[in-house]
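*Asks:* I have a structure I would like to understand better, so I am pasting it below and will then ask my questions one at a time.
The values are calculated or read from the model by the stated rules, or taken from the named source; none is laboratory data. Please read these numbers as outputs of a predicted model, since none were measured by experiment. Quick reminder, even Gly has a Cβ in these numbers, built from the backbone with ideal geometry, and neighbours come from all protein chains shown.
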Amino acid sequence: MHIVFVIQDITTKGGTERTTVCLANMFASKGHRVDIISVFRNNPILAYAVDDSVKLSFVSESTYSLDDGKMGRCLKVIKQLPSFKRILSGIGAEIIIAQRLLAVLLVFFAGYSKRAVACEHFKYDVYNLFIRKVRAFVYRFFAWVVVLTDADKSKFLREIKHVSTIPNMVSVVPEPYKGFGTKRIISVGRLDKQKGYDLLLLALTKVLPIVQDDGWHVDIYGEGPELGILMSMSSKLSLDKFVHFKGYTSAIEKEYATSEFYVMSSRYEGFPMVLLEAAACGLPIVSFDCPEGPSVLLGNGGGILVPREDTEALAKAILNLINNDVYRQQLHQQTKDIIKPFVPEMIYERWMELLCGQLKRSYGKQK
């Protein structure tokens, strides 16, 4: 099978990009012919390692960012359409997997939606009403739509019928776990409003006075536009010696392996890769019960869910794990079971069921 992934920018560090690379590498390892078409290129090197058998093409060498403004971004995308159509036509894809809305729109306007899968990576209502209506209209022309959670699937089913749930897969090879006794709490993510690190800092002001003499500390890995704001906030809250901003690392599994537990403070998610990674590495998890992903993973153990954006509850949950060694070890054992549905082989089977089953039947009807 010849599968072509289309993505906004494969050089960006993020969950969608990591998922795309993981899927592409997995399909290639199973003997499929795989291409990745990246519309833009913000960075000279890739954030995640692409298998040598996967062919990578860039529509444009130009960058794409929020700094370009809405009109500037629209013009940039429109300018890429002729080149995108030429590349896609030359590749001759059997199946196209479009990652997120920008890629979906390009595939649609290029005239290839009937043989394409539109993949959502955000919760259903992340966009405003106008964008959601445009999205619903465009999705009607795609062979299939894939979302990350059943909660989102139920919302999309009000607009379209050809929707399946396929979650993200575990993307790390765990290091031997050595986290017990390190007194290290870890969090990983882009430093922006969505990830809620301002909320985490507020919660930690309630934790620090109780544990400041015990050696506990929080390491936050990631980059993003709010780094300066968060560092200033941390300083004003007198958290400097307790909270450390560590930047980006390409070997995050080593950091998971030497941490006691993981904290997620996001305002919303799709299906967070970092939770899968942390659980795969044996870390208990404390997380806001934000829409839509954490409850899917932690509904059957492995961590503690607290009400969305409730910093008081988040602080109490963190203290609960800090003060209870036995409970941490129990949750550590549970992580082995909660990740089983998300291992690569299971996710591959779900994709093949879609591509060789529903999608081919749908494509046949459209012909």
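*Asks:* Within the range 59-83, how many residues are closer than 25 Å to residue 1 by Cα and surrounded by fewer than 18 Cβ atoms within 10 Å (Cβ to Cβ)? Before the answer, list the steps.
*Replies:* Of the range 59-83, the ones closer than 25 Å to residue 1 by Cα are 59, 83.
So of that shortlist, the ones also surrounded by fewer than 18 Cβ atoms within 10 Å (Cβ to Cβ) come out as 83.
Number of matching residues: 1.
*Asks:* Could I ask something else about it? Just to be sure before I move on: is residue 136 touching a strand residue (DSSP E or B) at 6+ places or on another chain (Cβ under 8 Å), of a type in the set (A, V, I, L, M, F, W, C), in contact (Cβ under 8 Å) with a residue 24 or more places away in the chain and closer than 21 Å to residue 97 by Cα in the structure I sent? Give the steps one after another, and end with the answer.
*Replies:* Details: touching a strand residue (DSSP E or B) at 6+ places or on another chain (Cβ under 8 Å): no; of a type in the set (A, V, I, L, M, F, W, C): yes; in contact (Cβ under 8 Å) with a residue 24 or more places away in the chain: yes; closer than 21 Å to residue 97 by Cα: yes.
So residue 136 fails the test.
*Asks:* Kindly provide the set of residues from the range 247-301 that are at positive phi and crowded, with 19+ Cβ neighbours inside 10 Å, ordered by number. Walk me through how you get there before you give the answer.
*Replies:* Filtering the range 247-301 for residues at positive phi gives 247, 282, 301.
Hit for the range 247-301 is 282, nothing else.
*Asks:* Can I ask one more? Under 8 Å between Cβ atoms, which residue pairs at least 6 apart in sequence (or on different chains) link something in the range 215-230 that is farther than 12 Å from residue 193 by Cα and hydroxyl-bearing (Ser, Thr, Tyr) with a partner that is modelled with pLDDT of 95 or more and assigned to a strand (DSSP E or B)?
*Replies:* 221/186; 221/187; 221/188; 221/246; 221/247
*Asks:* Find all pairs meeting these conditions: Cβ atoms under 7 angstrom apart; at least six residues apart or on different chains; first residue within the range 272-299 and of a type in the set (S, T, N, Q); second residue outside any helix (DSSP H, G or I) and surrounded by fewer than 24 Cβ atoms within 10 Å (Cβ to Cβ).
*Replies:* 287/305; 295/289; 295/305
*Asks:* Which residue out of 201, 191 is assigned to a loop (DSSP other than H, G, I, E, B), in contact with a helix residue (DSSP H, G or I) (Cβ under 6 Å, 6 or more places away or on another chain) and without any contact (Cβ under 8 Å) to a residue 60 or more places away in the chain? Full working, then the answer.
*Replies:* Details: 201 fails: assigned to a loop (DSSP other than H, G, I, E, B).
It is 191.
*Asks:* May I pose another question? Output the residues belonging to the range 156-200 that are under 27 Å from residue 267 (Cβ atoms), touching a Cys at 6+ places or on another chain (Cβ under 8 Å) and of a type in the set (Ser, Thr, Tyr).
*Replies:* Listed by number, the list holds a single entry, 171.
*Asks:* A follow-up question, please. How do the strands (runs of 3 or more DSSP E) wholly within the range 1-116 filter down when requiring 2 or more residues that are at pLDDT below 95: which remain?
*Replies:* Answer list for the range 1-116: none.
*Asks:* Evaluate the following for residue 122: is it buried (at least 16 other Cβ atoms within 10 Å of the Cβ), assigned to a helix (DSSP H, G or I) and in the same structural domain as residue 23 (by TED's automatic domain parsing)? Quick ask: steps written out before the conclusion?
*Replies:* Numbers: buried (at least 16 other Cβ atoms within 10 Å of the Cβ): yes; assigned to a helix (DSSP H, G or I): no; in the same structural domain as residue 23 (by TED's automatic domain parsing): yes.
Here the answer is no, as residue 122 does not meet what is asked.
*Asks:* Filter the range 11-40 down to the residues that are surrounded by fewer than 22 Cβ atoms within 10 Å (Cβ to Cβ) and more than 19 Å from the chain's Cα centre (by Cα) and list them by number.
*Replies:* 28, 29, 30, 31, 32, 33, 35
*Asks:* Kindly indicate whether any position in the range 119-134 is farther than 22 Å from residue 292 by Cα and of a type in the set (Phe, Trp, Tyr).
*Replies:* no
*Asks:* So in the range 147-175, with the set limited to residues that are part of a loop (DSSP other than H, G, I, E, B) and hydroxyl-bearing (Ser, Thr, Tyr), which one is surrounded by the fewest Cβ atoms within 10 Å (Cβ to Cβ)?
*Replies:* Let us first name the residues in the range 147-175 that are part of a loop (DSSP other than H, G, I, E, B), namely 148-149, 157-162, 166-175.
Imposing the further condition that a residue be hydroxyl-bearing (Ser, Thr, Tyr) reduces the set to 149, 171.
Details: 149: 21, 171: 23.
The extreme case among them is 149.
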